Amino acid sequence: MLNDREYMRRPPRPTIEDARSGFHTLIALIIVNVILWLFGLQRDESLLLSPEGFRSGEFWQVFTAMFLHYDFWHLFFNMFSLYVLGSISAPIIGAKRFLILYLVSGLAGNLLWLGASWDANAVILGASGAVAGITIASAMIVPDIQMFLLLIPFPIKLRTMAIILFVLNIMSHLGGAGGNVAYLAHIGGFIGGMLLMRFAYSRYVQWDPLAFLGKLPNDRKVHRQPPPPEGWTIRNETYAPPPTGRVSQKELDALLDKLSRGGVNSLSEAELARLRQAREQMRTDNK
């Protein structure tokens, strides 16, 4: 019998169409950013986000600014990060959701910066807010995937990387780190992506940084199939009937190996039951 609780925790399996369209959307976003930079639109001040421009009615700046970059290296690092992290989430959530994620995260980052810089004589441009949102979204979808972070010489989980980057941006902003980096835009992007995933795409969420707010919205309902015709059995493709009878040494070795790799949480209830049975076997055999 399938474990309903385990089944409920699995994200929906992406279709081939979603995977292809999501990846194509990711590539299209990168191409758009590159083309706009090649055409030099970053020099058009009416497209950059500034408090003065926004106050004068150039509201489109909150959108156009997230597609423009100051120089080649600004473009390169943002597009490289977008490709690496987007390659994780875009094929899973599909084209439409990924595009919305990019826009909502970039918009959230730009608006947070705009609100905090309302009286400043400054401008902002870049996809950093959008990339920050995609970073946290990818971590919420596949939190345990191993990643490498600059200056850390060993792989870390994506959720750990997302937390580190979020905290570093907050510390840099509060510490008054200067330069041309808009840390508030990054923070806003993180928040925008996090909220979108939690409240709109929660069926894809495997790690919830906002778990303290309560359970995820109930959009992960499983529509139960009607019972199969008599004599038929419906099985999940990953399902296998639990073994019965005495626990063999080979099965015990496999269970212990899985336990050592992933910890006790990696074992299903059936596997834990088999471990307990093996323990009782050993006690009986040693009497």
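The values are calculated or read from the model by the stated rules, or taken from the named source; none is laboratory data. Owing to the predicted nature of the structure, the values given are computational and were not obtained by experimental measurement. Glycine also receives a Cβ, built like all others from the backbone with ideal geometry; neighbour counts cover every protein chain displayed. Protein only, heavy atoms only, side chains kept; ligands, DNA and RNA dropped before computing areas. Shrake-Rupley method; radii C 1.70, N 1.55, O 1.52, S 1.80 Å.
So between residue 280 and residue 60, what do we pick up on full extension, going 0.36 nm a residue minus the alpha carbon distance? Don't skip to the end; give the middle numbers.
Numbers: separation 220, 0.36 × 220 = 79.20 nm, distance 6.92 nm.
Difference between extended and current length: 72.3 nm.
Accessible surface for residue 173 stands near 80 Å², nearest 10, in the context of the full protein assembly shown (1.4 Å probe). Between residue 152 and residue 258, the simple label model (points 7 Å from Cα in the Cβ direction) yields a spacing of 2.8 nm. At 0.36 nm per residue, and after removing the present C-alpha to C-alpha distance, how many nm does the segment from residue 46 to residue 80 gain when stretched out fully? Value of the extension gain: 9.6 nm. Segment residue 24..residue 215, full-extension length gain: 65.5 nm, with 0.36 nm per residue of separation and the alpha-carbon distance subtracted.
The peptide list 81-90, 123-132, put in order of mean Cβ contacts within 10 Å with the highest first, becomes 123-132, 81-90. Cβ-Cβ distance of residue 70 and residue 199, R₀ of 22 Å, FRET efficiency by 1/(1 + (r/R0)^6): the value works out to about 0.10.
The distance separating the Cα centre of the stretch 143-216 from that of the stretch 100-117 comes to 15 Å.
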